[in-house]
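Take this structure, written in structure tokens, and hold onto it; I'll ask about it next.
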Amino acid sequence: GDSVTQMEGPVTLSEEAFLTINCTYTATGYPSLFWYVQYPGEGLQLLLKATKADDKGSNKGFEATYRKETTSFHLEKGSVQVSDSAVYFCALTVTGGGNKLTFGTGTQLKVEL
Amino acid sequence: EPEVTQTPSHQVTQMGQEVILRCVPISNHLYFYWYRQILGQKVEFLVSFYNNEISEKSEIFDDQFSVERPDGSNFTLKIRSTKLEDSAMYFCASERGRETQYFGPGTRLLVL
């Protein structure tokens, strides 16, 4: 079945450090890929998405590129802030798969001054 | 900006009791979902709903679970006889077309 694998957390970084959170996927069809973020005490918010190979999603300084050859969708940010501290979820939907989201386990990011 | 709302934010119940979790999706959305997240685990799909019927459900969504859109605005998840293992955060999501799902803040359910 479809699945998403994320790097284990927690990830602790200093402010202004470079962030990478790895995400790889397995899908039977052609997936759309998403990053959702969950701030403490809140629900899931869409951060960015990409719907086909080589697409780059970007938002709030975060970027991720849909790499079909490596089945990856790694999240990056050049300079993190304390306010980026949250849990980040990689997810996919598959066309013809009812559009349900399949999530990774989530990666907790903690950014310190 | 329109958002998905959920009530209650927290619910504590005794094992075997029925609970109803409520969601108000974004008003012009057509597809509705429930997910759950057991503490420390991944977010799992439960059920999707379109055109007043279930379009897909997971193996978690057994006969103890039901969904309803009773009045054109609310979208509810009922658990008939709760078990300890139903303790989780339950998220509602809605979607206008097959594009992007917008999530509510969740209901934390604790079954004692």
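The values are calculated or read from the model by the stated rules, or taken from the named source; none is laboratory data. The shown structure was predicted, so the numbers you read here are calculated from the model rather than taken from an experiment. Positions of Cβ are backbone-derived with ideal geometry, glycine not excepted, and every protein chain shown enters the neighbour counts. Protein only, heavy atoms only, side chains kept; ligands, DNA and RNA dropped before computing areas. Shrake-Rupley method; radii C 1.70, N 1.55, O 1.52, S 1.80 Å.
Mind counting the residues in the range A:89-113 that are in contact with a Gly (Cβ under 9 Å, 6 or more places away or on another chain) and away from every other protein chain (no Cβ under 12 Å)?
Here the count works out to 2.
Just to check your reading of the model, which residue among A:Glu42, A:Glu15, A:Glu8 is acidic (Asp, Glu), farther than 19 Å from B:Phe45 by Cβ and in contact with a Pro (Cβ under 8 Å, 6 or more places away or on another chain)?
The unique qualifying residue is A:Glu42.
What are the pairs, 6+ residues apart or on separate chains, where a residue within the range B:72-101 that is more than 14 Å from chain A (Cβ to nearest Cβ) and open to solvent by 40 Å² or more (accessible area, probe 1.4 Å) has its Cβ under 6 Å from a residue that is assigned to a loop (DSSP other than H, G, I, E, B) and of a type in the set (Phe, Trp, Tyr)?
none
Name the single residue that is surrounded by the fewest Cβ atoms within 10 Å (Cβ to Cβ) among those in the range A:68-88 being more than 11 Å from chain B (Cβ to nearest Cβ) and closer than 29 Å to B:Val47 by Cα.
Among them, the one singled out is A:Lys68.
Can you name every residue in the range B:1-45 that is within 15 Å of A:Leu44 (Cα to Cα) and among the basic types (Lys, Arg)?
B:Arg36, B:Lys42
Filter the range B:102-112 for residues that are open to solvent by 10 Å² or more (accessible area, probe 1.4 Å) and assigned to a loop (DSSP other than H, G, I, E, B); which is farthest from A:Ser32 (Cα to Cα)?
Only one residue fits best here, namely B:Leu112.
Which one of B:Gln101, B:Gln64 is under 14 Å from the mean Cα position of the chain (by Cα) and more than 28 Å from A:Thr5 (Cα to Cα)?
None of the others qualify; the one that does is B:Gln64.
Okay, next question. If a residue has to be crowded, with 16+ Cβ neighbours inside 10 Å and either more than 9 Å from chain A (Cβ to nearest Cβ) or not in a loop (DSSP other than H, G, I, E, B) (or both) to count, how many in the range B:27-49 make the cut?
Counting residues in the range B:27-49 that are crowded, with 16+ Cβ neighbours inside 10 Å and either more than 9 Å from chain A (Cβ to nearest Cβ) or not in a loop (DSSP other than H, G, I, E, B) (or both) gives 15.
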